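Participant: Next up is a structure, given as structure tokens.
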Amino acid sequence: MPELVFFSGTMDCGKSTLALQIEHNRSARGLEGLIFTRNDRAGEGVLSSRLGLETKAVEAADDFDFYGYLVTHLSGGARADYVIVDEAQFFTPDQIDQLARIVDDLRLDVFAFGITTDFRTRLFPGSRRLVEMADRIEVLQVEALCWCGARATHNARTVDGKMVVEGEQVVVGDVNRPGTATGYEVLCRRHHIRRMTAAAARAAAISPDVLPVD
Ligand SMILES: Nc1ncnc2c1ncn2[C@@H]1O[C@H](COP(=O)(O)OP(=O)(O)O)[C@@H](O)[C@H]1O
Ligand SMILES: Cc1cn([C@H]2C[C@H](O)[C@@H](COP(=O)(O)O)O2)c(=O)[nH]c1=O
């Protein structure tokens, strides 16, 4: 039975790497996939992993119709055996419904990869719809870690090095980029709630006025 699978996790936990591995394994066996993404850090029309691998992808904006694209593709005589969608959090609930329809009506597996919650710990609309609609939700096995060593479960945004909890939901960016104005850091829930990034923890540890958190 074809499935809509949502592979979810924090930033930097290996989602895009797994997407590339699934693509590699299936194409190595002669299957043909269609790959979609939106707002990848590496630019338009690319699905990239921090391990250095990347592949071409169709850049899908808000008005992109996944189901229509697949129908046109197949009725033109082209082949598609499965669909990969990276950065799935950025897609609209309607687009996620189109992915479900690809599974149910066109009988293709759809593998969607994305972060579940934003920097305020709120669900992205696309991720919410995937949680509602997916046949299966897979949490990635490789755990990203908080600076304290606990499993990272939340994504923090930093502006000029300080953690923020207000702002636009979508700002493309990366972890471990100290020089950039807007950055991200993965944290455990405890340290996300306390707004305690690695830099804040270091500063607290060297300040004689502040008791250590841990
Ligand atoms: N230099 C490196 N050596 C080994 N593994 C790395 C290196 N850089 C990144 N990684 C791995 O890649 C993961 C990030 O993969 P990526 O697919 O880009 O994540 P995501 O799509 O979830 O944001 C990291 O969690 C880490 O396991
Ligand atoms: C938490 C959060 C993240 N983003 C952006 C930042 C990155 O461009 C992507 C996540 O990519 P990854 O491959 O999973 O690392 O999402 C955002 O726009 N808003 C947020 O709150």
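Participant: Look at ILE96 and say whether it is over 15 Å from GLY126 (Cβ atoms) and of a type in the set (Val, Ile, Thr).
Facilitator: no
Participant: Having 3 or more residues that are within 23 Å of LEU47 (Cβ to Cβ) is the bar; report the strands (runs of 3 or more DSSP E) wholly within segment 142-206 that clear it.
Facilitator: Per the criteria, 182-187.
Participant: Would segment 109-132 turn up any residue that is farther than 30 Å from ALA199 by Cβ and aromatic (Phe, Trp, Tyr)?
Facilitator: Looking for residues that are farther than 30 Å from ALA199 by Cβ and aromatic (Phe, Trp, Tyr), one finds at least one in segment 109-132, hence yes.
Participant: For segment 1-28, give me each residue that is within 9 Å of ligand 1 (Cβ to nearest atom), touching a Leu at 6+ places or on another chain (Cβ under 6 Å) and part of a loop (DSSP other than H, G, I, E, B).
Facilitator: CYS13, GLY14
Participant: With in contact with a helix residue (DSSP H, G or I) (Cβ under 7 Å, 6 or more places away or on another chain), exposed (fewer than 14 other Cβ atoms within 10 Å of the Cβ) and either without any contact (Cβ under 8 Å) to a residue 60 or more places away in the chain or under 21 Å from CYS13 (Cβ atoms) (or both) as the only criterion, which of VAL165, VAL170, VAL142 stands out?
Facilitator: So the residue among VAL165, VAL170, VAL142 that is in contact with a helix residue (DSSP H, G or I) (Cβ under 7 Å, 6 or more places away or on another chain), exposed (fewer than 14 other Cβ atoms within 10 Å of the Cβ) and either without any contact (Cβ under 8 Å) to a residue 60 or more places away in the chain or under 21 Å from CYS13 (Cβ atoms) (or both) is VAL170.
Coordinate-derived values only; no laboratory data. Not measured: the values here are computed from a predicted model. Neighbour counts are summed over all protein chains in view; Cβ atoms, including those assigned to glycine, are modelled from backbone coordinates with ideal geometry.
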